[in-house]
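The structure appears below as structure tokens.
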């Protein structure tokens, strides 16, 4: 990680630097086996406790397309997807994530995945027929951070619906954009993901070097996944993108019309990190879904890494609107390969919420405001 | 006011009825003199304590057009305005509103205004040359509610800039839309405004008949002004409209870029009342400015009056996002005709904030939710 | 009409002036009876030759809401409408317009309508139960220009669907905005409409004073109807408005997806006249429908009249995109009160198409371009 | 190329297949040297004949940012660019393209570029200090198709302006998206570009196998460049992208306000190919610039290739709006490495314009319409 003195302050108030090795006090060993060549985040398998309620949320409210379904599972995709699905809803007893699934470039990358994780001592399973419908030969692992990851290449092709404007809704979700994971030790997680071939695009730090969150990508957007500091392993959210900002507003309007506005957790707003326009929803099980649009291209190898000061009140919302506490504290369980929830380990590093909100925290709008660096608390908090 | 039993519940959760006489325990007498024929809210004269800072806010940030200016005043208009100005900034010692100014249909309507207010015992002054530049023969009064109102017809015409897209900004403000006034006794205020020829379009009530706010119009939009229950007379906000929702988002983005996000007080969001998309800002003196778009046509005489339940958590934000307390409690002083701030009288009716937020209040998303009508507190509050 | 020397040239290239009497060589006499007080254009009754095909177009493609229907008629409304309907589709043998219907302020205005048209010698019929469902006491006339006009006040109220975002489509039509009529003698028509209480907002003229078209309003938008010079009486189009421009683009995208793009006749584009964003479609019978958004407020009595030079190539499309010839030449028949098509009288004044397009016409982008006033023909034409 | 019988017809009317080898009757030999690893199209060097006029167009009208400039050159970038420039305007005597410049992954890829083109017998020049300011070690070649290509890796980093909303305009151009080249023999060009490592995403063919155009990518969008069949080598256009569709409409509106609408050549509209929203402008020298937004992700190795029937009237405009003839026939000269215009070779394959427009051509909206496959000519043509 670039030392703060070697970063460049931009005219927008954040810093840029070139990606550098991350120091971890407790690193995962770097395997000698090469990492598989990951194309992109491809789908999430979600366990839901009321399949009908979840289907209503993702299909009737959010408008995802049903590729296929049966009595226990629904396979969904976004408008422009041509692989079989971006989201699997599976009926179960405990709401949790069964897999963060990534597509790899070639069938041979599955062999690399097996070797890579086996060398790390992880549990690895391979299913030539795939773990879910429409997906072929697949590898599932519990990674060193405790997350259930899947890798696959083979998939049934389905029709891209980008030109099917007769089917589109005002809040049309066009792509799966990224995952977001909660983990107690962010530098350890980032270092491991770098070994897996991910590139860091942005992070949030403080002057003491504590890392609160980091964003990492394979495809050339701001992220395929992010690591958010907190008790984990847990799943923070899965994100779909829209073409325009009004599509996101339309989802809010529709939720109001359905008298389901209480599933809006945070936003809509503009992120500082990623510069994207966003909205966070909670599904019937409390799984968090982000709707997201308009980040930037990151595909050049020297793409500048953006570092935000944790006390910058515009880092998580460019308009300074408050982050609700639940957004910091609540997240979904993740499962091991037998479907048992992974134990959650407490974060011991500083909490982003605590250092920025409430009696012990502070945030600033302008770094150089008088009286020592900004107001205590956050905008809404100041008036409560 | 239509009794609650005679209103019709809509499929959206609010009620509609036909406008009916408002009962006031302390009515202003209805003058025998006919009211002037008011066209629309036309401009506000704002006293500001740092003219350069206010000019920067309204011109450099919000993009209003300067019709003319001098060392003590700046005359501003919105894109499609053809009268001289929609906002006057005047340097002074106390931040306050000097006039809520309305345009009347004919020069003769000024005589009617004089007679109407004189009969009510109000202080009335007439200035044939106008109280502000670019405006001709004008009448100013302190109305029975304590507000400084102006009426005029004659004005210098200036060029409409609707076609001057080379001058437009991403957050272009195209029209002055409405005023909003804070007054302790809303039914008394509404009844007086009906006598002045205003029509009620929406209101917020509770089952006991307490009226928390009401919206009234002359031009066929949801309002030219609204009466918000609170300590008054004070000015709650002045509102400009944009063409599209993204224009409002662009203002937020720009404020972030300028590191002035702390002037965003509330929003952006979708109102329940008016169905408009909104944003509330605070100018350098704390005067509140709303940016607003896409309400509905109200010009038919039998336009349905919309009544919202004060406990409906979507009434003020259709997405259920919380109203910050400052929005309920803070407002601008108003001046008498000598420039002295009007004394503020406390509201004795129930407070909307108190009955909906915090320990004593409750709001619901779905009226018929179990356990007696919804959760205590509001969405953000529930997680704090 | 203001003489061209007394108009003011704006920085946008058109002229403004105050509305003035229109000279007509063949005026309709001004009745001594007062005109009814018209609120707004309210609905059109369209005769269609294949009701199922028309219903599919207006309901399935354009998303208008069905208030009610039977085997021979469909009653449709836009999102924010609270009167019974804005469009009636009625099965018949000849595609035509049966009525341009306007709402009046009071029931008594119907008596005024009867007296006004009777004095003019027009055929007048009154139907206390209404000519269409959901409408009460109504008066229908064939006006001196040959058009079937209706006036009514009483109507069944229906629910405004503005808050029902769960029903909205990407191309949501929120209001009926205006009608447009084809008539051979525009000054004669304008003078008659002024007598009926309409106000002129914009027109297209040449330096010789020929008037090619004029826009007139009752509600404070650019128009409730317009008079387009051509063989008439015929109906040029009926227009619905959307909230935003992307809604109009969504209609085009959907028509492409349905492989019905050939019903797009002209646009989308930006009008010079009205400054609105527009699209023209043709329904299954060839009736023209405009989709329209974002004109400007015109409700002040001294609202400046905008006059465009017929040779200004940006008058009909601000981007200079060509007007297709069919838009100038094709229009719908109108019916008399017995349902018989009105005979069409040829225009004898200059044709706007001929003076601006092709071998005999010319248009300019910049008035003062060299070689005497611009290029021959129009943009597309120049490359054909 | 996949035989038409092996393609899959989609519900949108075009075909999909997997990318297959392209047959060329006159192939460029495949080098044994490996191709350089190209990241993306990076900038175009344009020779302009009036630098001040071109600067006004790209900076004052289109809002590109000036990284640096001198008396003979202006270096411009789009909002989110962090390399030195995306466009160089250089004063010269003949309007032409001096370089299509691509960024490669590593400095070593320049050695590969030298070897690759040298083996093909092309003229190759290397300039360690770069051919333009802000760019380091660079290789320029005249490729076998006659185009001046540049490859570089080293570049000065500049600040990304994505968060600088205070600088943004309504028509903000956020990225360089792609180039488009005119070449007589499309299959020959496609086969060569495949050898260079490009992947085909879409093409236009007829039933006889004539290829009229093809789109190819390195970064995972629809293209970094396209090959358009016509007399060549020439440059068809350079394209910048916006975030939303309204940004493109704002450019049109601004051009109207500046009375420069005659630089709008085609659009705005929706492409069939790429599904993007588009606009084509002509700069003061006639160089064509596309403004483009919202195509789809193409980064998976098995991304389906889309093939359009040349007679499908929605292939180039999804709304069926006509392609103006100049768009087919006019293009910019390209220069050799000494700055001399390359000779233009005539296309001998069928012309897309001739087979689709006018007396000899036909296009259909619905493939299976009666009377043998659609109407003669195109929509506008049918009414001329």
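Computed from the coordinates by the stated procedures, all read-outs in this text should not be read as laboratory data. Note that this is a predicted model, so its numbers are computed, not measured. Positions of Cβ are backbone-derived with ideal geometry, glycine not excepted, and every protein chain shown enters the neighbour counts.
Rounded to the nearest 500, what is chain C's calculated 222 nm mean residue ellipticity when only DSSP H runs of at least 4 contribute -39500 (n - 2.57) each, over all residues?
Details: 8 runs with 59 residues, N = 384.
The helix contribution divided over chain C gives -4000 deg cm²/dmol.
Just to compare against my own numbers: the Cα pair-distance distribution for the protein assembly as shown, 20 Å bins, whole % per bin, please.
For the protein assembly as shown, the pair-distance distribution reads 9, 35, 38, 16, 2.
Out of every Cα pair in the range D:1-353, what percent are spaced more than 26 Å from each other? Each step should come with its number before you reach the end.
On the way: 28893 of 62128 pairs.
Tail of the P(r) past 26 Å holds 47 percent of the pairs.
Compute the label-point distances linking residue B:66 to its equivalents in the other copies; points lie 7 Å from Cα along Cα→Cβ; give nm, one decimal, shortest first.
From this label point to the equivalent ones elsewhere in the assembly: 2.3, 5.9, 6.2 nm.
To the nearest Å, what is the center-to-center distance of the range C:218-235 and the range A:235-290, using C-alpha atoms only?
So the separation of the two Cα centres works out to 44 Å.
Can you work out which chain B residue has the shortest Cβ-to-axis distance for the rotation that carries B onto D, and give it in Å?
Measuring from each Cβ to the axis, the minimum is at B:170, 3.
Distances from residue C:53 to the same residue in each other copy, label points 7 Å out along Cα→Cβ, in nm, shortest first?
Result for residue C:53, in nm, nearest copy first: 4.9, 5.1, 6.8.
Mind checking B:4-13 for the average number of partner chain beta-carbons within 10 Å of each residue's beta-carbon? Show your work: numbers first, answer last.
Values: counts 0, 0, 0, 0, 2, 0, 5, 7, 11, 4.
If you average over the peptide's residues, the count of other-chain Cβ atoms is 3.
Relative contact order for the range A:249-373 using alpha-carbon pairs under 8 Å, separation at least 6, rounded to a whole percent? Write down the numbers at each step before the final one.
On the way: 140 pairs, mean separation 24.5, N = 125.
Contact order relative to length: 20 percent.
Of all DSSP beta bridges located in the range D:1-353, what percent are antiparallel, nearest 5? Show your work: numbers first, answer last.
On the way: 62 of 84 bridges.
Antiparallel: roughly 75 percent of the beta bridges in the range D:1-353.
Would you kindly compute the Cα radius of gyration of the range A:260-348 and its largest Cα-Cα separation (Dmax), both in Å?
15.9, 44
Based on the Cβ-Cβ distance of residue A:52 and residue C:49, what FRET efficiency does E = 1/(1 + (r/R0)^6) give at R0 = 45 Å, to the nearest 0.05? Write down the numbers at each step before the final one.
Details: r = 45 Å, r/R0 = 1.00.
Efficiency, rounded to the nearest 0.05: 0.50.
Would you mind listing the distances between the residue D:107 label point and the same position in each other copy? Use 7 Å along Cα-to-C-beta, nm, one decimal, shortest first.
Copy-to-copy label distances at residue D:107, shortest first: 4.1, 8.2, 9.2 nm.
Along Cα→Cβ, 7 Å out, is where each label goes; now give me the distance between the ones at residue B:119 and residue A:122 in nm to one decimal.
It is 8.4 nm.
Residues of D:315-324, mean number of Cβ from any other protein chain within 10 Å of their own Cβ, rounded to a whole number? If you can, show how the numbers build up before the last one.
Numbers: counts 0, 0, 4, 8, 12, 9, 8, 4, 0, 8.
Mean shielding by partner chains, rounded to a whole number: 5.
So for the protein assembly as shown: antiparallel DSSP bridges make up what percent, rounded to the nearest 5?
Working: 257 of 353 bridges.
Around 75 percent antiparallel, to the nearest 5.
For the range A:188-216 and the range C:301-325, compute the distance between their C-alpha centroids and round to whole Å.
The range A:188-216 and the range C:301-325 have Cα centres separated by 57 Å.
Determine the relative contact order of the range A:38-152: mean sequence separation of Cα pairs under 8 Å and six or more apart, normalised by residue count, in whole percent.
Numbers: 231 pairs, mean separation 30.7, N = 115.
Averaging sequence separation for qualifying contacts and normalising by length gives 27 percent for the range A:38-152.
Counting other beta carbons within 10 Å of each residue's own, what order do B:17, B:11, A:54 fall into, fewest first? Don't skip to the end; give the middle numbers.
On the way: B:17 16, B:11 12, A:54 24.
So the residues, fewest neighbours to most, are B:11, B:17, A:54.
Which percent, nearest 5, of DSSP beta bridges in the range B:171-352 are antiparallel?
75
For residue C:329 and residue C:346, calculate 0.36 nm times their separation in residues minus their Cα-Cα distance, and state this gained length in nm to one decimal.
Values: separation 17, 0.36 × 17 = 6.12 nm, distance 1.13 nm.
Full-extension gain reported as 5.0 nm.
Compute the label zone of residue D:167 within the range D:72-91: residues whose backbone N is under 15 Å from the point 7 Å along Cα-to-Cβ.
Within reach of a label on residue D:167: D:75-87.
What is the order of A:338, D:37, fewest Cβ neighbours within 10 Å to most?
Ranking A:338, D:37 by Cβ neighbours within 10 Å, fewest first, gives A:338, D:37.
What number, in nm² with one decimal, is the all-direction average of the projected area of the convex hull of the alpha-carbon atoms of the range D:1-135?
Numbers: hull surface 50.6 nm².
The Cα convex hull of the range D:1-135, projected and averaged over all directions, gives 12.6 nm².
Please rank C:1, D:227, B:353, fewest neighbouring Cβ atoms within 10 Å first, as an exposure proxy. Don't skip to the end; give the middle numbers.
Numbers: C:1 22, D:227 30, B:353 19.
If I rank by nearby Cβ atoms, fewest first, I get B:353, C:1, D:227.
Restricting to Cα pairs below 8 Å that are 6+ residues apart, what does the relative contact order work out to for chain C? Please round to a whole percent. Can you show the working numbers first?
Details: 941 pairs, mean separation 65.3, N = 384.
Contact order relative to length: 17 percent.
Would you mind putting A:358-365, A:113-120, B:181-188 in packing order, based on average other-beta-carbon counts within 10 Å, highest first? Don't skip to the end; give the middle numbers.
Working: A:358-365: 17.8, A:113-120: 19.9, B:181-188: 23.9.
In descending order of packing, they fall as B:181-188, A:113-120, A:358-365.
Quickly work out the residue D:71-to-residue C:360 label distance, labels modelled 7 Å from Cα along the C-beta direction, and quote it in nm with one decimal.
So the two model labels end up 5.6 nm from each other.
Determine the shielding of peptide A:74-81 by partner chains: average, over its residues, the number of Cβ atoms on other chains within 10 angstrom of each Cβ. Intermediate results must be reported in sequence, preceding the final value.
Details: counts 0, 0, 0, 0, 0, 1, 6, 2.
Across the residues of A:74-81, the mean count of other-chain Cβ atoms within 10 Å is 1.
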